[in-house]
Amino acid sequence: MRFLARRLGFYLLTAWAAVTLNFLIPRLMPGDPVDLLVARLKGNVDPAAVEAMKKAFGISDAGLWTQYVDYLGNLFRGELGRSITFFPTEVSTVIADSLPWTIGLVGVATLISYVVGTSLGVLMAWKRGTWLDGVLPAATFLHAVPYFWVALVLVFVFGSTLQWFPGSRAYGLEVTPGVTGDFLASVAYHATLPAVTIVVASMADRILGMRNVMVTTLGEDYVVMAEAKGLTSRRVMWAYAARNAILPNITSFALSLGFVVGGSVLTEIVFSYPGIGSMLLKGVENEDFPLMQGIFLVISLAVLVANLLADLAYVLLDPRTRQ
Amino acid sequence: MKRLTIMAVALVLAGCSGGGGQKGPGAAAPPLVVHAIDSGTFQENFNPFHLEGVNFGTTGMIYETLEYFNKLKPGETQPWLALSHAWSNDGKTITFTLRQGVKWTDGKPFTADDVVFTFETMIKHPELNKSAVELAGAKALAPDKVQLDFKSTSYAKLFNISGSTAIVPKHLFEKENPVTFTNPKPVGTGPYKLVKFSAQLYEMTKNPDYWQPGKPVVPTVRFPAYTANAVQTGLQQGEIDWAGAFVPDIDKIYVQGKPETNKYYFPPEGVVALLPNLTHPVLSKPEVRQAISLAIDRDKIVKVAERGYTKVAHPTGIPIPGGEAFLPPAYKNAAYKVDIAKAKELLKGVDPAQLKFQLLVPSPFTDWVNAAQLIREDLAKVGITVETRGVAFQDWVSKVGKGSYDLSIRATPAGASPYFQMRSLLFSELAKPVGTAATGNYQRWKDAASDKLIHDYAATDDLAAQQKAAQGLGTIMVEKLPVLPLFYSPAWAQFRTSKYVGWPSEQDPYAMPSPYTSPDAAVVLLNLRPAGT
């Protein structure tokens, strides 16, 4: 209990720091959202209307401290304000519309990458010296190549040239969103290339981590004893070795869940995927403080919650950490 | 901000392409697929009072304005929801006579009350008055007559009053807060109705009771969401019929060897100029600006940096063709010519050590970055050292606005008449002290003669007098070089004639051809007819 309370206190402090940084960082950028709007709209708005627009967007010239107090107050009431880019849509609506796409795509891809990567790591440690050893350098190579480059290559080869998979959008234009077979099939079809990008680019970590711990574990006495008892190799491999070797990978999985929300901004941009990363890009381009703050908040909270979960999972799985 | 070469050759063929139209009494006319702006997703916003969040087509296709102004022919207007207007009280009052028999798409009649309500909303909520019209009051004189009063003489604001303000139905908008209302089920007087909306696509079908009989011909218009990357693929694969996009290699990506159907037309919609910061002690000397102007090879900039998509600007900065009547007669045929010897001559009296400037450009505008490099090379030939500096868009907007730069490049929109452009380039009231963000006149030009001409223009409704004022301003542009025009900023428009013909062209510039220009895009749609007719 004391452990839990201490952890919670720590997380509250971190959350406050994150919230404050979210407030400060966008305001340190040069420029002003309304001036940007005027520059971008190329004459569709008279600069004389700027003052009135600032009022509509809720941009105040008040001191930083007043703004900060207002911001904290609004946050406390769960109000994120209205987006400037998508005015007058509420920031919470923009996030609610885009978050499911990111969680769906990146979440599923992370899960696949984790399951496949971990299993491959187990197998590779078990069957050292076979052709499987060749998988690691290949995976590491793909890991070393930038994310978006993999994405661009996939779009070019499978999207534009072969036209096997769509290279943009979350679903086809001919389907109407809804819980229908057509729609879900279209979503899965459109998610293929981006998901493959994420899996391919992130798998090496899991393989490498799992394989290394597994190799160490395989040298332990209890594994030797299990083999000596004449247990099947499958049983030794999964129930004795892998089960003990998986602990660090669980932590890294829990941590990576936090980054699911932060998403793969570049992947989303390359595939024109309507997730939170694309929204964040729009927000930054337009100096949309409310939208940036809202998205950063959601991302930081997700990372914190994932960290907390990782802490808790560790406590449950490994009694030694409970002291 | 790229430009175009106009290929008269391709355009001569307009209207005579007969390829592949499926017609006949049985076949329904095909939908038109439009890409207006780069966007990954759409928000459900069809409130014409809004600026950017609002989806394209809201003004023009759904809601209409009182009059239509052809920006490609300054001075040419057409009656729309209003049949005529009359100024009185020294330009502080205008009376519109409204068209009768127009209906909202819910069947209710369009009346003077709707017009009054629209303008009263702008008085009540100044943040919706995006054209900064100085409204004092609005009242209905009769079911078909509306009078608007202004705080100041407003002749020059006619476009903002009747050409860009979309009239909304009072009976639906009065129940809402117009500032935050997103109007998901728009009811307008225009040629189209919204029938389908999702985050990736919205669709409009024609209003069968539209007041222009027999129009529109195009039954369905679809707006899919394309990001800047995806739109290139969309054009390449022929998914899009009408786009307003910058295409890096248009012949390869879009035209694909079929100039008779895959057409484009990039008319000027503003001028891109080199801004000298006139608060800089050296740049404030006219002979230095003259020398810079003489040294820059604008033809090369247009050809290399702008891929030939545009043309070198007229020295007055007034867009040509279209603005001929506003050119000063003495400089009608003026054109830029590089003259290194004369430039060097002009710089003789200036200490060469002082001829060092920084040229600030926004790095995302790669064409401007290229242009800046060319300018640097040109100016080096006359002994001026230029350091080009690319910065983030936000940073550039802020620095240019506050006047903390030596030289920069910026586009000034043309608007519906040269007044808008000249005022934002030359009006001294817009020139704020260095350090305060300005909203125009970024180079800080202060000249009593310019101000007087701008006032003269605004004080009259007489086209000839307005032209005379514009000519005076044009003369100042040529002789005093408050800014150095480089080339025109083009309006982007790619359109395929395989389904429909009748698009604007250099021969028939009846409207801005870009799908992102409101309400011009609706005027284009109303002029389309099936291919082969």
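Only the coordinates and a few stated rules stand behind these numbers; no lab work does. Model, not experiment: these values are computed from the prediction. In this analysis, Cβ positions are derived from the backbone assuming ideal geometry, glycine residues included, and neighbour counts consider all displayed protein chains.
Calculate how many DSSP beta bridges within the stretch B:268-490 are antiparallel, expressed in % of all such bridges and rounded to the nearest 5. Each step should come with its number before you reach the end.
Details: 14 of 23 bridges.
Within the stretch B:268-490, antiparallel bridges account for around 60 percent of the total.
Determine, for B:ILE37, B:ILE476, the number of other Cβ atoms within 10 Å of each Cβ, and report the residues in order from fewest to most.
Working: B:ILE37 17, B:ILE476 20.
Final ranking by Cβ density, sparse to dense: B:ILE37, B:ILE476.
Charges only on Cβ, +1 for Lys and Arg, -1 for Asp and Glu: so what's the dipole of the stretch A:97-322 about the Cα centre, in debye to the nearest 20? It would help to have the intermediate numbers written out before the result.
Values: 12 positive and 14 negative charges, 183 e Å.
For this selection, approximately 880 debye.
How large is the Rg to Rh ratio of the stretch B:268-490 when both quantities use alpha carbon positions and Rh follows Kirkwood?
Working: Rg = 16.4 Å, Rh = 17.4 Å.
Result: Rg/Rh = 0.94.
Between the alpha-carbon centers of the stretch A:235-309 and the stretch B:348-371, tell me the distance in whole angstrom.
After rounding, the separation between the Cα centres reads 43 Å.
Name the residue farthest towards the positive end of the dipole of chain A from the options A:GLY63, A:ILE269, A:LEU231, assuming +1 on Cβ of Lys and Arg, -1 on Cβ of Asp and Glu, about the Cα centre.
A:LEU231
Tell me the relative contact order for chain B as a rounded percent, counting alpha carbon contacts under 8 Å between residues six or more apart.
Details: 1152 pairs, mean separation 128.0, N = 533.
Relative contact order, chain B: 24 percent.
Among the lysines, select those whose C-alpha is under 28 Å from the C-alpha of A:LYS127, and discard any that sit fewer than 8 residues away in the same chain.
A:LYS229
Exposure proxy check: A:VAL108, A:VAL94 ranked by fewest other beta carbons within 10 Å?
Details: A:VAL108 16, A:VAL94 26.
With the fewest neighbours first, A:VAL108, A:VAL94 line up as A:VAL108, A:VAL94.
List, in order, the whole-Hz ³J(HN,Hα) value for each residue of the stretch A:119-129 obtained from phi through the Karplus relation with A = 6.51, B = -1.76, C = 1.60 and θ = phi - 60°; use x for Gly and Pro.
In residue order, the calculated couplings are 4, 4, x, 4, 4, 5, 5, 5, 9, 4, x Hz.
Below 11 angstrom from the Cβ of B:HIS455, what's the summed charge of the other residues (Lys, Arg +1; Asp, Glu -1)? Before the final figure, lay out each step's value.
On the way: positive: B:ARG423, B:LYS452; negative: B:GLU429, B:ASP451, B:ASP456.
Local charge sum for B:HIS455: -1.
From the helices alone, meaning DSSP H stretches of at least four residues, give me the mean residue ellipticity at 222 nm for chain B, per-run term -39500 (n - 2.57), in deg cm²/dmol to the nearest 500. Could the numbers behind the result be given before it?
On the way: 12 runs with 119 residues, N = 533.
Here the helix-only value at 222 nm equals -6500 deg cm²/dmol.
Using the Karplus equation 6.51 cos²θ - 1.76 cosθ + 1.60 (θ = phi - 60°), what ³J(HN,Hα) coupling, rounded to whole Hz, does each residue of the stretch A:184-201 give in order, writing x for Gly and Pro?
3J(HN,Hα) across the stretch A:184-201, in whole Hz: 5, 4, 5, 4, 4, 4, 6, 7, 4, 4, x, 5, 4, 3, 5, 4, 4, 7.
Taking neighbour Cβ counts within 10 Å as the exposure measure, how do A:VAL265, B:VAL338 sort from fewest upward?
Working: A:VAL265 19, B:VAL338 16.
Ascending Cβ contact count within 10 Å gives the list B:VAL338, A:VAL265.
So what is the relative contact order for the stretch B:172-275, in percent, with contacts set as C-alpha pairs under 8 Å and at least six apart?
Once divided by the residue count of the stretch B:172-275, the mean separation gives 14 percent.
Return the long-range amide H neighbours of B:GLN358 (sequence gap of 5 or more, or a different chain), with a cut-off of under 5 Å between placed amide H atoms.
B:GLU387, B:ASP406, B:LEU407
Report the net charge of residues surrounding B:THR205, where surrounding means a beta-carbon distance below 12 angstrom and charges are Lys +1, Arg +1, Asp -1, Glu -1. Please report the intermediate quantities before stating the final value.
Working: positive: B:LYS193, B:LYS196, B:LYS206, B:ARG222; negative: B:GLU203.
Cβ neighbours under 12 Å give a net charge of +3.
With the convex hull built on the Cα atoms of chain A, state its orientation-averaged projected area in nm². Show your work: numbers first, answer last.
Details: hull surface 90.4 nm².
Result: 22.6 nm².
Can you give me the long-range amide H partners of B:LEU141? Hydrogens built in the peptide plane at 1.01 Å from N, cutoff under 5 Å, separation of 5 or more residues or another chain.
It is B:VAL146, B:GLN147, by chain and number.
Using alpha-carbon positions, what is the distance between the centroids of the stretch B:380-458 and the stretch B:192-240, in Å?
Taking the Cα centre of each part, the stretch B:380-458 and the stretch B:192-240 sit 38 Å apart.
Within the set of other residues whose C-beta is less than 14 Å from the C-beta of A:HIS190, count the net charge using Lys and Arg as +1 and Asp and Glu as -1.
Values: positive: A:ARG169; negative: A:GLU174, A:ASP182, A:GLU268.
Combined, the nearby Lys, Arg, Asp and Glu give -2.
Dividing the alpha-carbon radius of gyration of the protein assembly as shown by 2.2 N^0.38 Å (N being the number of residues), what value is obtained? Don't skip to the answer; put the middle values down first.
On the way: Rg = 30.8 Å, N = 856, 2.2 N^0.38 = 28.6 Å.
In units of the globular-protein estimate, the protein assembly as shown measures up at 1.08.
With +1 assigned to the C-beta of every Lys and Arg and -1 to the C-beta of every Asp and Glu, and no other charges, what is the dipole magnitude of chain B about the Cα centre in debye, to the nearest 20?
Here chain B has a charge dipole of around 500 debye.
Amide H to amide H, which residues 5 or more places from A:TYR273 or on other chains are under 5 Å from it, using H placed in the peptide plane?
HN-HN under 5 Å from A:TYR273: A:ARG169.
Among the listed pairs A:LYS55/B:LYS157; B:LYS193/B:LYS252; B:LYS300/B:LYS452; B:LYS252/B:LYS311; B:LYS263/B:LYS402, give every one whose C-alpha distance is greater than 32 Å. Show your work: numbers first, answer last.
On the way: A:LYS55/B:LYS157 23 Å; B:LYS193/B:LYS252 36 Å; B:LYS300/B:LYS452 36 Å; B:LYS252/B:LYS311 21 Å; B:LYS263/B:LYS402 41 Å.
The answer is B:LYS193/B:LYS252; B:LYS300/B:LYS452; B:LYS263/B:LYS402.
Compute the relative contact order of the stretch A:97-322 as a whole-number percentage, counting only Cα pairs closer than 8 Å that sit 6 or more residues apart in sequence. Mind dumping the intermediate values first?
Numbers: 273 pairs, mean separation 65.7, N = 226.
Taking the mean separation of contacting Cα pairs over the length of the stretch A:97-322, I get 29 percent.
Quick one: 3J(HN,Hα) in Hz for the stretch A:153-165, Karplus 6.51/-1.76/1.60 with θ = phi - 60°, rounded, Gly and Pro as x.
These are the phi-based 3J(HN,Hα) values: 4, 4, 4, 5, 6, 8, x, 7, 7, 7, 6, 7, 10 Hz.
Test of understanding: in a Gaussian network model of chain A with alpha carbons linked when under 10 Å, which of A:GLY129, A:GLY104, A:GLY58 would top the mean-square fluctuation ranking?
Greatest mean-square fluctuation among the candidates belongs to A:GLY129.
Beyond a 22 Å Cα-Cα separation, which of these cross-linked pairs lie in this structure: B:LYS145/B:LYS206; A:LYS54/A:LYS282; B:LYS92/B:LYS130; B:LYS337/B:LYS381?
On the way: B:LYS145/B:LYS206 28 Å; A:LYS54/A:LYS282 19 Å; B:LYS92/B:LYS130 19 Å; B:LYS337/B:LYS381 15 Å.
Among B:LYS145/B:LYS206; A:LYS54/A:LYS282; B:LYS92/B:LYS130; B:LYS337/B:LYS381, the Cα-Cα distance tops 22 Å for B:LYS145/B:LYS206.
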